[in-house]
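Before any comments, here is the structure.
What follows is calculated from the coordinates using simple rules that are stated; it is not laboratory data. Since we're looking at a predicted model, the values are computed, not measured.
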Amino acid sequence: MTKKKWIIGAIGAVVVILAACAAPYLLVGAPAEGVVKVRKGSTIDMISDSVQAHVDETFGKRVATMMNLMGAKVENREGAFRITKGMTPFTAARRIKNGIQDGVRFTFNNVRTLDEWADRWGETFMGDAGDMRKLLNDSAACAKYKKTPQTIACLLMPDTYEFYWNITPEKMLDRMFDYYNEFWNNERLAKAEKLGLTPDGVATIASIVEEETSKADERGKVARLYLNRYQQGMPLQADPTVKFAIGDFSIKRITVPMTQINHPYNTYRVQGLPPGPIRLPEKSTIDAVLDAPQHDFIYMCAKSDFSGYHDFAKDYATHLDNAHRYQAALNARGIK
């Protein structure tokens, strides 16, 4: 019995010593915050290197030690793991070992093309931008959301979202479709129907409005002008659609030959709405279309003071006067 007690006591002493030695690894918190991104096939050493690069060298080594003590199997681990300031090596190691990943924020706005959006997605998440572009241009994939490659942009509503870093392109569109359906509630659907438009039609007009004016307080007025033209059966004759057709939004002056380009998005030649949005419109601009204030204007022209606002007109003669003033201002500045 005495020998047995001695062995138990010795074991207890060793445990105490080991606990004391391990205390720095268990209790000393991370000196900074960082996000560690882990891909399948990573080793503990690779994860440690990432922690060292994004948080702190010493802390990264301590996390590796803790993972080895835990016997962590990380070959199939995947995701982004946020290490907060003060988090212990034990907690960090346990979260990675157990795959408790954190969401990654994805904010996008002021995006024109699907290619640009796909690139931003690829820069933020684990997936390849090329795979996302391919999916966005796949008619069958778009049909799942009752969209075409021309209208799939309607799903991608600018805002701030949070997803897991290893989200796939397919899952991403599934989630964006959920947010799209949340936005298009019964109230907004009823407003769109009253305007004689589908949600995609509203988004298409909103995209034109955003290209026409950078002034948020003018967007409703511009939207109503295009609604007036559309509802009266007039061609939209929207300059931004010509720029889209040409593929150059830097154009300052739309000429008559430009308006004659044979292209499905050129609303000088094509009656009604173009096949889809010419950019990814903001939610606030979509609401500006849905709640556009009533007026009778059907013409507009940029103000000659280059303030970014527009002169509006109900008749063509007044519009010509406005246009001549603006053209004279362009000539005075040497803008061609």
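Apply the Karplus parameterisation 6.51 cos²θ - 1.76 cosθ + 1.60, with θ equal to phi minus 60°, to every residue of segment 57-64 and state each ³J(HN,Hα) to the nearest whole Hz, in sequence, with x for glycine and proline.
So the Karplus estimates, Gly and Pro as x, are 5, 4, 4, x, 5, 5, 5, 5 Hz.
Using the 2.2 N^0.38 Å rule of thumb for compact globular proteins, work out how segment 163-256 stacks up: its C-alpha Rg over that value, please.
1.34
By how many degrees, between 0 and 90 and to the nearest 10, does the Cα long axis of helix 2-27 differ from the longest principal axis of the chain?
With rounding to tens, the tilt is 30 degrees.
Can you tell me what the convex hull of the Cα atoms of segment 51-167 projects to on average, as an area in nm²?
Mean projected area of the Cα convex hull: 8.9 nm².
Non-local amide H neighbours of Q237 (under 5 Å, H modeled in plane, Pro and chain starts lacking H): which ones?
Residues meeting the criterion, in which the H sits 1.01 Å from N, are Y268.
Please state the relative contact order of the chain as a whole percent: Cα pairs under 8 Å, 6+ residues apart?
It comes to 13 percent, rounded to a whole number.
First obtain the Kirkwood hydrodynamic radius of the chain from its Cα pairs, then insert it into the Stokes-Einstein equation at 37 °C and 0.692 mPa s, and state the resulting D in µm² per second as a whole number.
136
Using a Cα-Cα cut-off of under 18 Å, which lysines could be cross-linked to K146, ignoring same-chain neighbours fewer than 8 residues away?
K134, K171
Non-local amide H neighbours of Y164 (under 5 Å, H modeled in plane, Pro and chain starts lacking H): which ones?
So Y164 has HN proximity to V104.
D159's amide H: which non-local residues (gap 5+, or another chain) put their own amide H closer than 5 Å, with H modeled 1.01 Å from N in plane and none for Pro or chain starts?
F108
For segment 24-97, evaluate the Debye formula with one uniform point scatterer on each Cα (no solvent term) and list log10 I(q)/I(0) at q = 0.24, 0.26 Å⁻¹, rounded to two decimals.
-1.03, -1.23
Can you compute 3J(HN,Hα) from phi for each residue in segment 107-115, using the Karplus curve 6.51 cos²θ - 1.76 cosθ + 1.60 with θ = phi - 60°, rounded to whole Hz and x for Gly and Pro?
10, 9, 7, 6, 10, 9, 10, 5, 4
Could you give me the ³J(HN,Hα) list for segment 228-245, computed from phi with Karplus coefficients 6.51, -1.76, 1.60 and θ = phi - 60°, whole Hz, x at Gly and Pro?
4, 4, 4, 6, 8, x, 7, x, 5, 6, 8, 4, x, 6, 5, 4, 5, 5
Given axes a ≥ b ≥ c from the Cα gyration tensor, I'd like to know whether segment 192-322 is rounded (a/c under 1.5), prolate (a/b larger than b/c) or oblate.
Rounded shape, in that the Cα axes give a/c under 1.5.
Extent of segment 103-183 along each principal axis, from alpha carbon coordinates, in Å, largest to smallest?
Dimensions of segment 103-183 along the principal axes of its Cα atoms: 28, 28, 23 Å.
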